[in-house]
Amino acid sequence: MNVVAIFQGLSAHPVLRYLTLDGVSTLTRLTSHLKRDILQPQSINESNPDIAPPILPQPIAMFLSAAIGIPIDMMDECWAIFQDYVWEMPLAPLTSDDYQLFKRYGWQYGLSCVQLFPLKYVNLMYINSSHYYFPSG
């Protein structure tokens, strides 16, 4: 997906059409740092790391709504416009304002810009358990 498609989707929306370029940029930066947080609560069928899930978890939707100033009832439609672009983009560096947004609006939902996840996805289905010691008892 390209940026033109995002702006076409936004311009066709009666509320999201007023999202500023700064808002678009901030939304994509914040969301790029939340990909693992978005995937974690999804069902197994919707947790493919290569495909954006169809819906945002509620805490993430509430964080982005407050941080960007988008009404919470518009977040599903907003995600539908941005999801493929955000999922394809590389991790974008956060600005000092982004760190403040996480602190002000994200912490209350358990969200932080500091990630504790490994850099690469690990498919646990393919790890051979014979390499690990599991005490019995």
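The values are calculated or read from the model by the stated rules, or taken from the named source; none is laboratory data. Keep in mind the model is a prediction, meaning the values are calculated, not measured. Cβ placement follows ideal geometry from the backbone for every residue including glycine, while neighbour counts extend to all protein chains displayed.
Details
- Annotation note: of P90, P41, P53, the sole residue that is more than 20 Å from A12 (Cβ to Cβ), in contact with a helix residue (DSSP H, G or I) (Cβ under 6 Å, 6 or more places away or on another chain) and assigned to a loop (DSSP other than H, G, I, E, B) is P53.
- Inclusion of A67 among residues that are without any contact (Cβ under 8 Å) to a residue 40 or more places away in the chain, surrounded by 16 or more Cβ atoms within 10 Å (Cβ to Cβ) and closer than 20 Å to I6 by Cβ is not warranted.
- Matching residues, the stretch 2-20, being among the aliphatic types (A, V, I, L, M) and not in a helix (DSSP H, G or I): A12, V15, L19
The rows are residues; the columns are (1) crowded, with 16+ Cβ neighbours inside 10 Å; (2) among the hydrophobic types (A, V, I, L, M, F, W, C); (3) more than 19 Å from T95 (Cα to Cα).
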{"residue": "V15", "(1), (2), (3)": "no, yes, yes"}
{"residue": "L27", "(1), (2), (3)": "yes, yes, no"}
{"residue": "R36", "(1), (2), (3)": "no, no, yes"}
{"residue": "L39", "(1), (2), (3)": "yes, yes, yes"}
{"residue": "S43", "(1), (2), (3)": "no, no, yes"}
{"residue": "P49", "(1), (2), (3)": "no, no, yes"}
{"residue": "A52", "(1), (2), (3)": "yes, yes, yes"}
{"residue": "Q58", "(1), (2), (3)": "no, no, yes"}
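- For the residues V24, V15, the requirement of being β-branched (V, I, T) and either under 18 Å from the mean Cα position of the chain (by Cα) or farther than 17 Å from M75 by Cβ (or both) singles out V24.
- Search result, residues across the stretch 1-27 that are among the β-branched types (V, I, T) and under 17 Å from P71 (Cα atoms): V15, T20, V24, T26
- Restricting attention to the stretch 56-70 and to residues that are part of a loop (DSSP other than H, G, I, E, B) and not β-branched (V, I, T), the residue that is farthest from D84 (Cα to Cα) turns out to be G69.
- Among the criteria (1) under 20 Å from S112 (Cα atoms); (2) without any contact (Cβ under 8 Å) to a residue 24 or more places away in the chain, the one M89 does not fulfil is (2).
- Considering Y99, Y105, the condition of being modelled with pLDDT of 85 or more, over 27 Å from N2 (Cα atoms) and not in a loop (DSSP other than H, G, I, E, B) is satisfied by Y105 alone.
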